[in-house]
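Everything below concerns the one structure shown next.
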Amino acid sequence: MKLIDSHAHLTFEPLAEAINAVLDRSIAAGVDGWITVGTDSKQNEQIISILDKHPNLFGTVGIHPHYAKDVSDSDVERMRLLAENEKIIAIGETGLDFHYNFSKQDAQIELFKKQLAIASDTNLPLIIHSRNAFDKTIKVLDEFSGSLGNIVFHCFGGDATRAKFILDRGYYISFTGMITFKSADSAREAAAVVPLDRMMVETDCPYMSPAPMRKQKINEPALMIHTAKKLAEIKGVGYETFCKSVTENTKRFFGI
Ligand SMILES: [Zn+2]
């Protein structure tokens, strides 16, 4: 694989209805591996149903903190079962979102812990969503310390201090097209302190189209090259070197 989109939502519309064309455009742009990430029970099932579209397409199962209020025990148990699929390579996205607070914080924390337990039992890596909840996210992760495998903070928008804090704990950091936004100076400073061997790159598509493609409202994996080029520039390495390095990290992190 040349470059892997480590966090996409290929089961979201309008990407899902055009999945073959989306993957073709991605391969033509040089992004030839994808990890499509679960956010709720319905998406988790849909992910399983598209995994045979390409040998380099992998999936995760997880329930986003937004939906904590709607989740039943059977949803969580179903997730645990789906995680046994050999192309399901991580648990997530899971975590805490105290920015939108679509679900009560206590419910978010409870659901987060249930998913950490699954990650611990299955030895699968974790994809963490954390927004306006950094301290609490770390505190919950610390409660499970020693029993978890690889952990990545996805769509990182924090500053260099937080990036260092995460790196000190051995976690990885993944950047989206946000890194290309004019307003994202502090996220670029964060990227500058993340060593090349602890970094991943993602689209979070259909959201977060990178500059100069922000007019294209629907993001897709082909556009990730703009994010990768910006990160290579920040790290002061050539594009090929950058791609080789983050692809190795992504393969090592997810065990693919
Ligand atoms: Zn996402």
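Between Arg25 and Leu81, the modelled labels are 3.6 nm apart [label points 7 Å from Cα along Cα→Cβ].
Amide H contacts of Asn150: Leu126, each under 5 Å away and 5 or more positions distant or on a separate chain (H built 1.01 Å from N in the peptide plane; Pro and chain starts excluded). In this label model, Glu17 and Ser74 are separated by 3.0 nm, measuring between points 7 Å along each Cα→Cβ vector.
Note: relative contact order over the chain, using C-alpha pairs below 8 Å and six or more positions apart, is 20 percent. Each principal axis of the Cα atoms in the chain has its own extent, and those three values, largest first, are 46, 40, 32 angstrom. Scaled to the globular estimate 2.2 N^0.38 Å, the Cα spread of segment 200-256, given as radius of gyration, is 1.17. The spacing between segment 110-178 and segment 181-198, judged by their C-alpha centroids, is 17 Å. DSSP beta bridges fully contained in the chain are about 0 percent antiparallel. Here is how the number arises for the chain: DSSP H runs of 4 or more residues each give -39500 (n - 2.57), the sum is divided by the residue count, and the result at 222 nm is -12500 deg cm²/dmol. Straight Cα distances below 17 angstrom link Lys215 to the lysines Lys182, with same-chain residues fewer than 8 positions distant left out.
What length, rounded to one decimal in nm, is gained on full extension from Ala192 through to Asn101, with 0.36 nm per residue of separation minus their alpha-carbon distance? Write down the numbers at each step before the final one.
Details: separation 91, 0.36 × 91 = 32.76 nm, distance 3.05 nm.
Length difference between fully extended and current span is 29.7 nm.
Quick check on my link table: of Lys2/Lys235; Lys53/Lys217; Lys136/Lys230, which ones sit more than 20 Å apart, alpha carbon to alpha carbon? Let's see the in-between values first.
Numbers: Lys2/Lys235 18 Å; Lys53/Lys217 25 Å; Lys136/Lys230 31 Å.
From Lys2/Lys235; Lys53/Lys217; Lys136/Lys230, over 20 Å: Lys53/Lys217; Lys136/Lys230.
All of the numbers you see were taken from the coordinates with simple rules; none came from a lab. Quick caveat: nothing in here was measured; it's all calculated off a predicted structure. Using ideal geometry, Cβ is built from the backbone for each residue, glycine included, and neighbour counts are taken over all protein chains shown.
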